[in-house]
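First up is the structure itself, then whatever we jot down about it.
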Amino acid sequence: MELRQMEYLVAVAEEGHFTRAAALCGVTQSGLSAAIRNLEKELGASLFSRTTRQVALTDAGRALLPFARRMLAQASAGRDAVARASQQLSGRLRLGSEQCLGVIDVGPLLERFRLRYPLVDVQFTQAGSAELATQVRAGDLDVAFLATTEHLGSLRRLELGRRPVVALAHPTDDLARSPQVSWEDLAARDFVDFREPWAIRRLVDDAFADRHLERRVRMSVDDVHTLLDFVQRGLGVAVVPQHVAAKPQAAGLAILELPAGGAPEWVVSAVSGASAAPAAVRLLELLGEANLAVAQPA
């Protein structure tokens with residue numbers, strides 16, 4: 001068993017999708033699939049059950065997964081030990097992120113960075129994607145994790161992953177009777193949404209504007225849990241990235257697919273200035289190790 005195979009196993013298990021896992025690991029889907037098949041052949045057991053709609057771990061895959069995670073963690077710990085002994089990076093890292101991006105787990109990434117580069121002064125701020133992009137352009141941030149591809153200008157952008165968006169409604173809403181909803185149906189409802197600086201607000205505003213539809217945003221919030229609480233209380237519907245609908249706080253809500261044609265996507269990227277600071281370069285390098293760009297289940 002090779003370390004790279006363990007990385008692929010964890011990525012497919014967390015994504016439930018070979019194409020998304022391959023994108024996160026920076027390989028072709030055929031290369032990732034071949035590595036998984038070779039691992040299954042070596043172990044003499046199928047690790048995933050595959051259908052046209054879903055990829056799920058088999059019993060054998062679930063048994064191997066915790067060992068794969070430990071192997072990756074030990075490899076990262078080894079890299080950290082070597083880096084501390086041979087690369088005494090210092091200076092400052094100014095990092096920003098939008099909340100609950102779903103593709104990258106910022107906490108574990110910062111923890112790993114501090115372990116590897118203890119002499120770097122890390123400063124972190126949380127804000128909406130538009131504000132973060134402005135701060136990177138102004139030189140106030142070295143790196144930002146955000147969910148917009150607009151108005152980035154000359155900033156360097158590394159795409160980390162994509163997710164579909166879905167609608168959430170109270171289970172007593174008439175919309176809950178169907179697994180899919182139209183934009184016109186949603187336009188007739190009151191909305192709970194984030195304030196304008198947050199990426200999902202801009203994404204949804206643009207989706208309605210593109211269809212020449214108006215909507216009523218009655219509740220504007222600044223955090224995911226408040227949004228879900230308000231929808232749970234029947235105060236409005238919401239359109240959110242798919243990973244938000246999977247949160248425990250969304251349990252019981254109706255999750256409605258949006259029409260496939262032209263539905264917006266939640267695109268998460270890391271952006272940096274034209275000349276990134278050494279600490280920023282090292283942070284971005286960490287994204288390729290041990291699936292740090294893959295968020296753990298909420």
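Structure notes:
- Calculated on the Cα set of the chain, radius of gyration then Dmax: 20.6, 62 Å.
- A compact globular protein would have a Cα radius of gyration near 2.2 N^0.38 Å; the ratio found for the stretch 60-178 is 1.42.
- Leu160 long-range amide H proximity, modeled H, under 5 Å: Val268, Ser269, Ala270
- Placing +1 on the Cβ of every Lys and Arg and -1 on the Cβ of every Asp and Glu, with nothing else charged, gives the stretch 22-149 a dipole about its Cα centre of roughly 380 debye.
- Furthest towards positive pole of dipole, Val192, Phe230, His170, structure part the stretch 138-253, Cβ charges: His170
- In plain terms, the residue of Ile200, Ile255, Ile36 with the fewest other Cβ atoms within 10 Å comes first and the most crowded comes last, giving Ile255, Ile36, Ile200.
- Charge dipole (debye, nearest 20) of the stretch 3-84; +1 at Cβ of Lys and Arg, -1 at Cβ of Asp and Glu: 60
- Stretched out straight at 0.36 nm per residue, the stretch from Arg218 to Leu43 would grow longer than its current Cα-Cα span by 57.5 nm.
- Convex hull (Cα only) mean projected area of the stretch 162-266, reported in nm² to one decimal: 5.8
- Relative contact order, whole percent, for the stretch 3-84 stands at 31, derived from Cα pairs under 8 Å and 6 or more residues apart.
- For the stretch 5-16, 3J(HN,Hα) per residue [Karplus equation, 6.51 cos²θ - 1.76 cosθ + 1.60, θ = phi - 60°, Hz, x = Gly/Pro]: 4, 5, 4, 5, 4, 5, 4, 5, 4, 7, 7, x
- Cut-off of 10 Å, at most 15 other beta carbons, DSSP loop: longest stretch of the chain lacking such trypsin sites (Lys or Arg not before Pro): 54-194
- Sorted ascending by nearby beta carbons within 10 Å, beginning with the fewest, His243, His212 become His212, His243.
- In this simple spin-label approximation, Ala209 and Ala75 carry label points 7 Å from Cα along the Cα→Cβ vector, and these lie 4.4 nm apart.
- Computed on the stretch 165-250, with alpha-carbon pairs under 8 angstrom and 6+ residues apart, the relative contact order is 44 percent.
- Share, in percent, of DSSP beta bridges within the chain that are antiparallel, nearest 5: 60
- Residue-averaged 222 nm ellipticity for the chain, from DSSP H runs of 4+ at -39500 (n - 2.57), nearest 500: -12500 deg cm²/dmol
- Using the Cβ-Cβ distance between Asp59 and Ser90 with R0 set to 30 Å, the FRET efficiency from 1/(1 + (r/R0)^6) comes to roughly 0.05.
- Between Ser272, Phe18, Leu39, the Cα set farthest toward the positive side of the dipole of the chain (charges on each charged residue's Cβ, about the Cα centre) is that of Leu39.
- Charge dipole of the stretch 162-266 (Cα centre as origin; +1 on each Lys and Arg Cβ, -1 on each Asp and Glu Cβ, all else neutral): 160 debye, rounded to the nearest 20.
- In terms of overall dimensions, the stretch 1-96 has a Cα radius of gyration and Dmax of 16.1, 49 angstrom.
- The stretch 148-167 and the stretch 178-223 have their alpha-carbon centroids 19 Å apart.
- Each part reduced to its alpha carbon centroid, the stretch 1-62 and the stretch 94-129 end up 28 Å apart.
Coordinate-derived values only; no laboratory data. Every value quoted in this text rests on a predicted model; they were computed, and no experiment measured them. A quick note on method: Cβ atoms are made from the backbone with ideal geometry, for glycine too, and the neighbour counts reach across all protein chains shown.
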